[in-house]
Every structure is written in structure tokens, then in C-alpha cells.
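The values are calculated or read from the model by the stated rules, or taken from the named source; none is laboratory data. Computed from a prediction, not measured in an experiment: that's the story for all the values here. Note: ideal-geometry Cβ built from the backbone for every residue, glycine included; neighbour counts use all protein chains shown.
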Amino acid sequence: MNWDKSKALLERARGSLAGGVSSPFRAKAPMPLYFSGGSGSRLEDVDGNRYIDYQLAWGPMILGYGHPKLAEAMRRQASLPFSYGAQHELEIAVAEKIQTMVPCAERVAFTSSGSEAVQLVHRLARAFTRRDLILKFEGHYHGWMDSALISYKPALEQMGPPDAPRAVPGSCGQVGNALENTVVAPWNRLDLLERTLQENRGRVAAVMMEPVLCNSGCLLPGEGYLAAAKDLAHQYGALFVFDEVITGFRIGPGGAQAHFGVAPDLATFGKAVGGGVPLSVIAGRADVLNMMFGGGVSFGGTFNGNPLSLAAADVTLDELARDGGALLAEANRIGISLRDGIRGLARKHGIPAQVTGFGTAFAIHFTGREDLADYRDTLDDDAEKLRRFLISALERGVQIVPDGRFYVSTAHTESDVNETLDALDGALGGL
Ligand SMILES: Cc1ncc(COP(=O)(O)O)c(C=O)c1O
């Protein structure tokens with residue numbers, strides 16, 4: 001595959017744009033590609049190469065590229081003011097839709113990115129409980145802010161033992177006292193969660209998690225774990241929070257909370273809710289969210305609830321909710337057929353691997369381990385084999401997230417799956 005034009009653009013970009021890319025996460029092997037178009041499940045780069053895309057802009061493109069109704073809604077909104085910094089009816093329409101879809105959504109607030117939504121949830125939980133500590137889990141990602149980027153991808157030697165884990169900063173320049181207000185625990189272990197709550201009795205404002213550990217290899221919660229973790233959080237006086245920035249409007253129209261039947265007190269959404277346009281949502285208990293109005297909690301955002309984002313969300317949510325969520329059910333079915341096909345190919349080639357997760361978000365792990373339940377279990381995944389697999393897949397026209405994650409949209413079809421499996425047969429065979 002020829003990437004000459006991408007190479008030239010990267011070279012040019014490095015003279016003006018720091019690092020040549022707009023997010024360090026995108027500086028991936030073999031090189032950052034420049035895209036010029038796309039439609040449905042496919043993307044085209046500036047060299048004219050076409051890819052079946054499972055990166056989906058890191059999740060948001062749940063309806064695929066160039067969805068006609070979404071494009072039309074954006075065009076319509078673009079002919080009207082696309083920011084008022086004031087009230088307009090779409091805010092209510094979208095909030096009401098979210099209320100009907102998401103079990104915990106007694107009230108809704110809008111902001112622009114998942115990272116911002118997490119900040120609001122932290123603040124609300126701290127104000128509501130009058131406590132300082134956020135309990136998070138190793139390997140879970142809640143955005144790049146100082147108070148959240150903790151123990152995301154720590155190295156084994158930094159982490160301490162599972163029953164006494166250390167909070168590990170994720171970046172140089174992060175203030176040290178962020179760590180003082182965070183406690184971490186390994187995920188999917190109720191005994192260790194209870195121990196951490198006990199050790200910090202009376203101090204934990206919120207227990208916050210990705211309900212499926214999408215950011216460390218799409219690991220599913222153990223049977224009954226989410227419900228029991230919620231009970232434990234409440235027993236110790238903490239709020240129970242789901243970060244549904246990935247699972248939201250992807251695992252099903254009501255997010256992981258509807259899928260697993262466990263409603264948190266608060267939840268954050270992002271990515272898919274805007275169908276590709278910046279939008280994030282905080283949903284949850286009215287008594288907690290109303291603390292922003294007379295309860296002393298401050299919150300702002302110039303672009304909160306802007307009409308362009310909400311026009312996109314309005315159409316996206318309509319599509320995802322239609323016919324009882326039929327489109328997402330089908331996307332998840334397609335994803336499962338791809339996930340299971342990849343498992344079969346790994347077996348065929350005698351490659352030790354696990355493919356974990358649900359239909360529209362799953363990940364490949366090159367590992368001899370049978371049971372992957374937590375971030376620590378992924379630490380001996382073969383990163384070099386993954387790197388070679390991703391490059392080989394890309395060269396065969398299949399784009400996958402750099403950590404081995406596959407996102408599937410409602411635009412992917414059975415014939416995409418077959419074409420992908422043919423390509424991955426070659427990629428896995430070449431390992
Ligand atoms: C679970 C989760 N929470 C929060 C975020 C942060 O969202 P954003 O990148 O929109 O700030 C992400 C981003 O990947 C995420 O996956």
C-alpha cells in the first residue's frame with residue numbers, strides 16, 4: 001500500500017501542528033494517515049487507499065460515515081445560528097429523548113467532551129456527599145484531566161500489589177494532589193472493592209467505572225459484579241457512577257445500564273451520542289444534578305447545548321431508538337459474527353489469542369491466558385505481535401484502533417465482515 005501523500009502531509013504538518021497530529025493517541029504505527037473522505041463503513045485516504053474502518057473516529061461514528069439523515073440535519077442547522085449561548089428547543093427534545101432511553105436519566109446536562117463530563121460528575125459527587133475521594137479502577141480511562149488520568153495504563157512495577165494498589169499519575173505536569181483525592185482498586189473484584197471502601201470509610205464520594213472495561217481491552221463485568229458494586233458503594237455512602245462514554249448508545253440504546261439492568265446514580269456519555277459531532281452528556285439523579293442550580297455547584301461551558309451538536313444528537317438518537325433499537329441490535333449481531341470469526345481464525349492459525357467484548361466494541365489480545373477479567377490480566381499481552389497484526393491488517397485495507405479494539409457501526413454489513421475476515425486471515429497467517 002502506498003502512503004506517499006500521507007507521508008508528505010505529515011512532513012508538512014510537523015512544521016506547524018505540534019507533533020503533526022491533533023492528539024498524541026493518533027501518532028500510531030506505521031504512520032498517521034490523512035483521510036479525504038468516507039461513506040458507510042469505509043474510509044478513503046489521500047493516497048486513494050480504501051479501508052473498512054473499525055476505528056470509527058475512536059467510537060463516535062455509530063451510524064457510519066455520511067449518514068444521509070444526519071448530514072441533512074446538520075445542513076439544516078447550519079443555515080440557522082449554530083450557537084446561541086442561550087436556550088433553544090432542541091435542548092429539551094434531546095434531553096427528553098435521553099430520559100426515555102437511559103434508565104438513570106432523571107435529569108440531563110450537556111457539555112462538549114467526555115473529559116469535561118467526568119469533571120462535572122466528580123464535582124457533583126463531591127458536593128453531594130461532602131466527601132473528597134473518587135474511587136476508580138486500574139486500566140479505566142476517564143479522560144485526560146489531572147483528576148481523572150490516574151492508574152490508566154500503569155506499568156506492573158508502578159502498581160503495587162492488587163490488595164494495596166498505588167494511584168499512578170498518567171502524565172508529567174499533573175498536579176500531585178490529584179492523586180491524594182483518588183483511590184484505585186482492581187476491577188471485577190468485589191473483595192478488593194469492599195476492602196478499599198472499608199479502608200477509606202466515610203471518605204469516598206463516588207465509585208466510578210467503565211461498566212465494560214473498553215479502554216483496557218473490552219473486558220466484560222463478571223456475573224452480578226455491577227449490581228454488587230452498586231450495593232457496596234451505597235452501603236459505604238458513595239454515589240455509584242458509570243462512565244458510558246463508550247458503552248453509551250453502542251452496547252444498546254439505553255447504554256450498559258439498560259443492557260445489564262443496573263442503573264447508576266450518575267452516568268457520563270460522549271462519543272456516539274453526537275454521531276460524530278462533539279457532545280457529551282451527564283445524566284442521573286435529579287437531586288444530584290440540581291445541585292448546579294441553587295446547590296452551590298458551579299459549572300459552565302460556552303458550547304454547552306449548542307444547536308449543531310444537538311441537531312446531530314437528535315437524529316442519531318432517533319435512529320438508534322427506532323423500532324426498539326433494531327439498528328443497534330443488528331450492529332451488535334454483525335459485530336459478534338466478526339468477533340467470533342476472528343476467534344476462529346486465531347484458532348485456525350494456532351495463535352494464542354482472546355477476543356473479548358460485545359458486538360460493537362471488542363478487542364483482540366495476543367495472550368495465552370484464558371480468563372481476562374481486569375487490566376492486570378492484560379499486562380502480558382504480546383504488544384509486538386499486536387503491532388505487526390495492526391499494520392498487516394491496515395495494509396490489507398482494514399483499519400483497527402491501535403490498542404486492538406474494533407468498533408462496529410450500524411453501517412457495517414455481513415459482506416464487510418466476510419471481506420474483513422478474508423483480510424485478517426492473511427494478517428494472522430503472516431504472524
Ligand atoms: C470511557 C471514557 N471516558 C471519558 C473519555 C474522554 O472523552 P473525550 O475524549 O471526549 O474527552 C473517553 C475517551 O476515550 C472514554 O473512553
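Taking the range 266-292 as the region of interest, how many residues are within 16 Å of the ligand (Cβ to nearest atom) and on the phi < 0 side of the Ramachandran plot? The qualifying residues number 15.
Considered as a group, the residues in the range 154-165 that are over 21 Å from ALA238 (Cβ atoms) and buried (at least 17 other Cβ atoms within 10 Å of the Cβ) include one that is nearest to the chain's Cα centre (by Cα), and that residue is PRO154. Checking every residue in the range 2-14 against the condition of being closer than 25 Å to SER112 by Cα, buried (at least 19 other Cβ atoms within 10 Å of the Cβ) and not acidic (Asp, Glu) gives zero matches. Can you tell me which residue within the range 131-140, out of those that are surrounded by fewer than 24 Cβ atoms within 10 Å (Cβ to Cβ) and not aliphatic (A, V, I, L, M), is nearest to the ligand (Cβ to nearest atom)? Among those that are surrounded by fewer than 24 Cβ atoms within 10 Å (Cβ to Cβ) and not aliphatic (A, V, I, L, M), it is HIS140.
Condition first: loosely packed, with under 15 Cβ neighbours inside 10 Å and of a type in the set (Gly, Ala, Ser). Now tell me which residues in the range 279-322 satisfy that. Once the filter is applied, which keeps residues that are loosely packed, with under 15 Cβ neighbours inside 10 Å and of a type in the set (Gly, Ala, Ser), the range 279-322 yields ALA286, GLY294, GLY295, GLY296, SER298, GLY300.
Selection of strands (runs of 3 or more DSSP E) fully inside the range 146-262 by the criterion of at least 3 residues being out of contact with any Ser or Thr (no Cβ under 8 Å at 6 or more places or on another chain) returns 204-209. Among the residues making up the range 273-297, those that are over 23 Å from the mean Cα position of the chain (by Cα) and either in contact (Cβ under 8 Å) with a residue 40 or more places away in the chain or assigned by TED's automatic domain parsing to the domain that holds GLY38 (or both) are ALA286, ASP287, VAL288, ASN290, MET291, MET292, GLY295, GLY296, VAL297. Would you confirm whether or not the range 355-364 contains a residue that is touching a Lys or Arg at 6+ places or on another chain (Cβ under 6 Å), modelled with pLDDT of 95 or more and hydroxyl-bearing (Ser, Thr, Tyr)? Checked against the condition, which is being touching a Lys or Arg at 6+ places or on another chain (Cβ under 6 Å), modelled with pLDDT of 95 or more and hydroxyl-bearing (Ser, Thr, Tyr), the range 355-364 yields at least one hit.
Looking at GLY368, is it over 15 Å from TYR54 (Cβ atoms), modelled with pLDDT of 95 or more and not assigned by TED's automatic domain parsing to the domain that holds PHE249? Judged against the criteria, GLY368 is a match. If you go through the range 187-207 and keep only what is out of contact with any helix residue (DSSP H, G or I) (no Cβ under 8 Å at 6 or more places or on another chain) and of a type outside the set (Lys, Arg), you end up with ASP191, LEU192, THR196, GLN198, GLU199, ASN200, GLY202. Here the condition is being modelled with pLDDT under 95 and either within 22 Å of the chain's Cα centre (by Cα) or not basic (Lys, Arg) (or both); of GLY176, GLY237, GLY222, it holds for GLY176 alone. Per the conditions (1) within 25 Å of VAL315 (Cα to Cα); (2) within 16 Å of the ligand (Cβ to nearest atom); (3) of a type in the set (Val, Ile, Thr); (4) in the same structural domain as LYS271 (by TED's automatic domain parsing), the sole criterion not satisfied by ILE62 is (4).
Mind listing whichever residues of the range 211-225 are surrounded by fewer than 24 Cβ atoms within 10 Å (Cβ to Cβ) and more than 10 Å from the ligand (Cβ to nearest atom)?
Restricting attention to the range 211-225, the residues satisfying the condition of being surrounded by fewer than 24 Cβ atoms within 10 Å (Cβ to Cβ) are 215, 220-225.
Answer for the range 211-225, where residues must be surrounded by fewer than 24 Cβ atoms within 10 Å (Cβ to Cβ) and more than 10 Å from the ligand (Cβ to nearest atom): LEU220, PRO221, GLY222, GLU223, GLY224, TYR225.
Under the condition of being more than 20 Å from the chain's Cα centre (by Cα) and hydroxyl-bearing (Ser, Thr, Tyr), the residues counted in the range 191-219 number 1. In the set (1) within 30 Å of ALA331 (Cα to Cα); (2) at pLDDT below 95; (3) surrounded by 12 or more Cβ atoms within 10 Å (Cβ to Cβ), SER23 fails one condition alone, (3). Consider the range 89-130 and keep the residues that are closer than 19 Å to GLY295 by Cα, part of a helix (DSSP H, G or I) and in contact with a helix residue (DSSP H, G or I) (Cβ under 7 Å, 6 or more places away or on another chain). The one that is nearest to the ligand (Cβ to nearest atom) is LEU124. Of the residues that make up the range 249-265, is at least one of a type outside the set (Lys, Arg), within 16 Å of the ligand (Cβ to nearest atom), closer than 21 Å to TRP144 by Cα and surrounded by 24 or more Cβ atoms within 10 Å (Cβ to Cβ)? No - not one qualifying residue is present in the range 249-265. Only one of the numbered conditions (1) buried (at least 24 other Cβ atoms within 10 Å of the Cβ); (2) closer than 25 Å to ALA363 by Cβ is not met by VAL168, and that is (1). Looking at the range 25-45 only, could you name the residues that are part of a loop (DSSP other than H, G, I, E, B), touching a strand residue (DSSP E or B) at 6+ places or on another chain (Cβ under 8 Å) and closer than 15 Å to LEU9 by Cα? Once the filter is applied, which keeps residues that are part of a loop (DSSP other than H, G, I, E, B), touching a strand residue (DSSP E or B) at 6+ places or on another chain (Cβ under 8 Å) and closer than 15 Å to LEU9 by Cα, the range 25-45 yields LEU33, TYR34.
The lone criterion from (1) closer than 22 Å to GLY300 by Cα; (2) in contact (Cβ under 8 Å) with a residue 40 or more places away in the chain; (3) aliphatic (A, V, I, L, M) left unmet by LEU190 is number (1).
One residue stands out in the range 1-24 among those that are assigned to a loop (DSSP other than H, G, I, E, B) and over 20 Å from SER392 (Cβ atoms): the one that is nearest to the chain's Cα centre (by Cα), namely SER23.
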